[in-house]
Amino acid sequence: MKPVRVGVLGLGTVGGGTVNVLKRNAEEIARRAGREIVVTRASARDLNRTRICDTQGIALTADPFEIVNDPEIDVVVELIGGYDLAKQLVLSAIANGKHVVTANKALIALHGNEIFAAAT
């Protein structure tokens with residue numbers, strides 16, 4: 001079975017930590033999920049900044065829309081914060097048939113109904 005390909009939007013503290021957890025626990029996650037889950041792309045505002053995670057094997061971009069529009073990405077993990085750009089990205093990902101995971105409480109509080117409606 002082919003792996004689930006994940007695109008992470010934001011490589012700050014939360015995004016970098018998410019990449020670390022997914023890489024460190026890859027075997028156990030794959031065992032439980034029944035297939036490998038691999039971060040293949042990630043976006044960050046500053047591509048030259050030092051990261052808290054290993055980005056080897058991850059295609060980096062400064063344009064998060066490249067990820068939500070990438071037909072090879074199965075799951076988008078939105079971790080950029082805020083709500084205007086995050087809303088646009090999440091709605092675009094949903095429109096492109098992707099699953100979306102977010103830790104963005106402000107986004108859900110302000111636009112949750114619209115996002116949930118788009119996802120159904």
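Overview of results
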| quantity | calculated |
| --- | --- |
| Total lysine pairs under 24 Å (Cα atoms) in the chain, excluding pairs fewer than 8 apart on one chain | 5 |
| Cα-based Rg and Dmax for the stretch 10-75, where Dmax is the largest Cα-Cα distance (Å) | 12.2, 35 |
| Net charge of Cβ neighbours under 13 Å - reference Gly81; Lys, Arg +1; Asp, Glu -1 | +1 |
| Cα gyration tensor of the stretch 75-115 - equivalent ellipsoid semi-axes, whole Å, descending | 15, 11, 8 |
| Percent accessible area from carbon and sulfur atoms, the chain, protein chains only, probe 1.4 Å | 53 percent |
| Per residue value of the accessible surface for the stretch 5-78 (all protein chains in place, 1.4 Å probe), Å² | 56 Å² |
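The values are calculated or read from the model by the stated rules, or taken from the named source; none is laboratory data. Since this is a predicted model, take the numbers as computed values, not measurements. Quick reminder, even Gly has a Cβ in these numbers, built from the backbone with ideal geometry, and neighbours come from all protein chains shown. These area figures cover heavy atoms from the full protein model, side chains too; ligands, DNA and RNA do not enter into them. Shrake-Rupley method; radii C 1.70, N 1.55, O 1.52, S 1.80 Å.
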